[in-house]
Amino acid sequence: MAKSSKSKVKTDKTPVDLLTQKQAKEEHARLQVEISGHDKRYYRQDRPSVSDAEYDELRKRYNAIEERFPDLRTFESLSLKVGAAPTRGFKKVRHAIPMLSLDNAFAEQDVVEFVARIRKFLKLTDDEPIAFSAEPKIDGLSMSLRYESGDLITGATRGDGAEGEDVTANIKTLKEVPQHLKGKHVPAVLEVRGEVYMTKADFLKLNERQKAADDTIFANPRNSAAGSLRQKDPSVTASRPLGFFAYAWGEISEMPAKTQSGMIEWFERCGFTTNPLTKICHSVEELLAFHRQIEQRRAKLDYDIDGVVYKVDRLDWQERLGFVSRTPRWAIAHKFPAERAITVLRDIEIQVGRTGVLTPVAKLEPVGVGGVIVQNATLHNEDYIKGIGGDGEPLREGRDIRIGDTVIIQRAGDVIPQVVDVELDKRPKDAKPYHFPKKCPCPLHTDVVREVTATGEEGARARCSGEFACPFQKTEHLKLFVSRRAFDIEGFGEKQIDYFFEQGWVKEPADIFTLQKLNKKIKLEDIEGYGETSVRNLFASIDERREISLERFIFSLGIRQVGETTALALARGYGAWDAFHEAALKVAKGDEEAMAEMDALDQIGDTVIAAVAAYFRESHNRGIVERLTRQVTILDAEKPKTDSPIAGKTVVFTGSLEKMTREEAKATAERLGAKAAGSVSKKTDYLVAGPGAGSKLAEAQKHGVQVLTEDEWLRLIGS
Ligand code: IVH
């Protein structure tokens with residue numbers, strides 16, 4: 001990279017037309033960091049560091065580079081976010097009660113199982129009726145509106161569920177959002193949750209206006225609703241027709257109803273609009289009939305929906321059912337079938353993931369599927385391409401996929417698009433069969449090995465045998481580390497990782513936090529395209545992330561099998577980094593007590609324990625973790641409820657319980673801040689023993705653990 005004298009705004013440079021691909025790639029990455037930094041200072045911190053004209057120049061050059069080199073346009077490209085969600089940020093708002101999401105059902109059988117699970121959990125007999133509120137699932141933008149003494153105080157987007165963006169000024173311009181609650185008796189605090197959306201007709205009209213004004217064209221009504229809401233100028237939002245359906249709530253100081261449907265009626269009386277298609281159903285058959293009926297009406301509805309939501313109507317049952325990690329047990333989203341499209345397979349590329357798995361990716365002739373342009377789709381694995389079974393359906397026995405073929409792709413919700421079939425009658429004569437590589441495309445060119453499954457057979461997945469020496473695996477881990485779901489370091493995206501890694505400046509996560517020190521030597525600000533402001537901004541965003549929640553930290557380590565949900569379960573289970581770290585090191589050494597304790601955590605089983613053990617058995621990983629923990633402060637996980645008499649205690653259930661199922665008993669204990677363990681040890685505080693209690697009872701007596709009957713337990717928890 002050429003060095004140049006410092007310039008404040010880096011636009012007086014080689015004309016974009018003369019840039020080489022390499023120069024363009026580097027400058028694009030640098031501009032992305034710089035522009036993101038300006039955006040943050042301008043919007044979130046209210047202290048712009050360049051003039052509007054200077055900013056516009058940077059933006060123009062960025063766009064021009066992308067126009068000439070469209071391959072640079074990735075998912076994190078700033079230009080793609082303009083219409084959908086302006087890159088410039090808003091103040092953050094912490095939700096009083098997290099905004100969680102819903103589990104999905106695709107097949108009818110999933111709905112049957114959902115209802116059966118509820119019956120089992122609540123110990124209901126088959127003839128006990130359960131009423132469900134069945135509602136269309138609006139494809140918009142979820143919103144939380146906070147009212148205090150009846151006045152609208154804050155409007156916040158969902159964000160990551162814990163923290164959203166403050167869009168109060170904008171939300172106040174929506175006609176369907178009351179500024180004051182109607183009715184004489186309003187609760188002191190009420191958070192109403194629902195969906196902001198734009199009708200299909202308004203979306204089309206808006207795009208026509210945008211086109212005429214040579215302005216951003218939106219891909220679908222949801223993007224246009226998001227783009228319209230996240231405007232820095234509320235008068236722009238006011239000019240966009242946005243609707244709001246209320247369907248849920250967060251914090252509420254007094255409950256005005258005992259059922260979901262009662263709450264919806266009450267929302268109406270308060271002045272909200274609720275969805276008129278909502279219906280009470282009493283059986284699986286009625287739920288499925290509702291789904292079919294709504295699916296038939298879908299095309300004619302004036303707003304986009306992507307499924308229907310079923311919710312247990314009785315709120316006392318909702319309360320008892322509670323949540324599994326981030327989704328309620330009492331509700332499910334029954335999605336409509338995935339959308340499909342036909343296109344041509346231009347090429348196949350191999351992607352090496354952070355765990356070394358080689359995934360073949362289809363490079364497609366761009367095609368629109370459900371409002372999104374798709375150019376890449378997964379082909380799963382070698383066998384799938386060869387047409388010898390594997391993932392996905394339909395099973396394409398003997399129907400191999402060749403480059404040049406016409407293929408069918410499918411995209412369901414947020415799932416990665418996938419190639420699901422091939423049209424053999426359209427195969428051109430020169431279609432090329434694909435040979436899966438024997439050597440990994442990583443610079444080490446190590447042998448590719450097929451995974452061995454738990455039963456000892458050869459699995460379909462191919463893996464790079466380079467493990468920790470493989471630069472691809474290292475960069476993939478670093479990319480996960482800085483990503484939104486992990487450390488979320490603004491201005492530090494995939495491109496920067498590639499660049500900094502190539503230069504040898506960032507080889508592992510801890511290096512990100514010592515980059516500022518290293519900068520005395522490398523002097524980023526002297527490198528063409530950077531500049532003092534952007535370097536300052538970059539270090540400011542890194543510094544901002546020196547404090548991190550335990551669940552994000554665990555997730556960011558990149559342990560196989562430990563996604564966000566599992567990381568959260570581990571964080572809640574151990575409460576603090578030191579406790580988790582100590583346990584993980586013990587598990588790696590095969591300590592049975594530590595393994596049993598981990599196993600006792602909600603949602604943690606053998607696969608996760610094996611993955612945690614494998615990770616911490618590697619000295620290379622232990623080093624990475626140790627160096628990283630010296631750079632950051634890891635916050636303890638959410639404290640158990642302190643007003644609960646069993647907060648922080650460990651409880652074991654044994655024997656048969658009569659008033660509730662074991663699953664419900666454990667879930668209640670956890671909701672009240674206790675740990676429900678599977679076996680008795682000296683750390684156990686209570687053993688709740690029903691009739692038929694066996695060895696655990698003897699074990700408890702040996703350790704002097706307090707033994708309670710089911711009734712005593714219920715009295716203890718005040719139930
Ligand atoms: S209830 C605890 N009801 O779907 C979850 N959500 O995947 C409470 N959505 O983030 C959500 N229509 O944005 C609920 N009638 C409806 C909905 C709905 C759309 C969205 C919502 C949520 C997502 C969950």
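Results, tabulated for the structure shown:
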| read-out | value |
| --- | --- |
| Charge dipole of the chain about the Cα centre (unit charges at C-beta), most positive-ward option of GLN179, PRO234, ALA611 | PRO234 |
| Solvent-accessible area, 1.4 Å probe, carbon plus sulfur percent, for the range 207-267 | 48 percent |
| Size of charge dipole - the range 624-719 - debye, nearest 20, with Cβ of Lys, Arg +1 and Asp, Glu -1, no other charges | 360 debye |
| Average accessible area per residue (Å²) across the range 87-191 - probe 1.4 Å, nucleic acids and ligands excluded | 47 Å² |
| Ratio Rg/Rh, restricted to the chain and using Cα atoms, in which Rh is the Kirkwood radius | 0.96 |
| Where the range 595-719 is the region considered: accessible area per residue in Å², 1.4 Å probe | 51 Å² |
| HN-Hα J in Hz across the range 331-346 - Karplus 6.51, -1.76, 1.60, θ = phi - 60°, x for Gly and Pro | 9, 8, 9, 8, 7, 7, x, 4, 8, 10, 8, 10, 7, 10, 7, 8 |
| Residues whose placed amide H lies under 5 Å from that of ALA693, excluding near-sequence neighbours | SER656 |
| Residues with amide H under 5 Å from that of ASP421, placed H, sequence gap 5 or more | ILE408 |
| Exposure of GLU582 as accessible area (Å², to 10), given a probe of 1.4 Å and all protein chains | 100 Å² |
| Debye, to nearest 20: dipole size of the chain, +1 on Lys, Arg Cβ, -1 on Asp, Glu Cβ | 1400 debye |
| Among the listed pairs LYS92/LYS172; LYS92/LYS200; LYS363/LYS426; LYS335/LYS479; LYS495/LYS520; LYS586/LYS682, those beyond 20 Å (Cα-Cα) | LYS92/LYS200; LYS335/LYS479; LYS495/LYS520 |
| The range 254-315: GluC sites (Glu not before Pro) falling in loop per DSSP and having at most 16 other Cβ within 10 Å | GLU254 |
| Long-range HN-HN contacts of LEU277 with modeled amide H, under 5 Å | none |
| Of LYS22/LYS523; LYS205/LYS311; LYS91/LYS666, pairs whose Cα-Cα distance is over 28 Å | LYS205/LYS311; LYS91/LYS666 |
| Phi-based couplings in Hz for the range 125-140 (Karplus 6.51, -1.76, 1.60; Gly and Pro marked x) | 6, 4, 8, 6, x, 10, 9, 10, 8, 9, 9, x, 9, 6, 8, x |
| Mean residue ellipticity (222 nm) of the chain, computed from DSSP H runs ≥ 4 via -39,500 (n - 2.57), nearest 500 | -10500 deg cm²/dmol |
| Rounded to whole Hz, the Karplus (6.51, -1.76, 1.60) HN-Hα couplings of the range 301-315, x for glycine and proline | 5, 8, 9, 7, 10, 10, x, 10, 10, 10, 10, 4, 6, 5, 6 |
| Distance (nanometres) between label positions extended 7 Å along Cα→Cβ at ALA96 and GLU525 | 4.5 nm |
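The values are calculated or read from the model by the stated rules, or taken from the named source; none is laboratory data. Source: prediction; values computed, not measured. As a convention, Cβ positions derive from the backbone with ideal geometry for all residues, glycine included, and neighbour counts pool all protein chains shown. We work out accessible area using only protein heavy atoms, side chains counted, and drop any ligands, DNA or RNA first. Shrake-Rupley method; radii C 1.70, N 1.55, O 1.52, S 1.80 Å.
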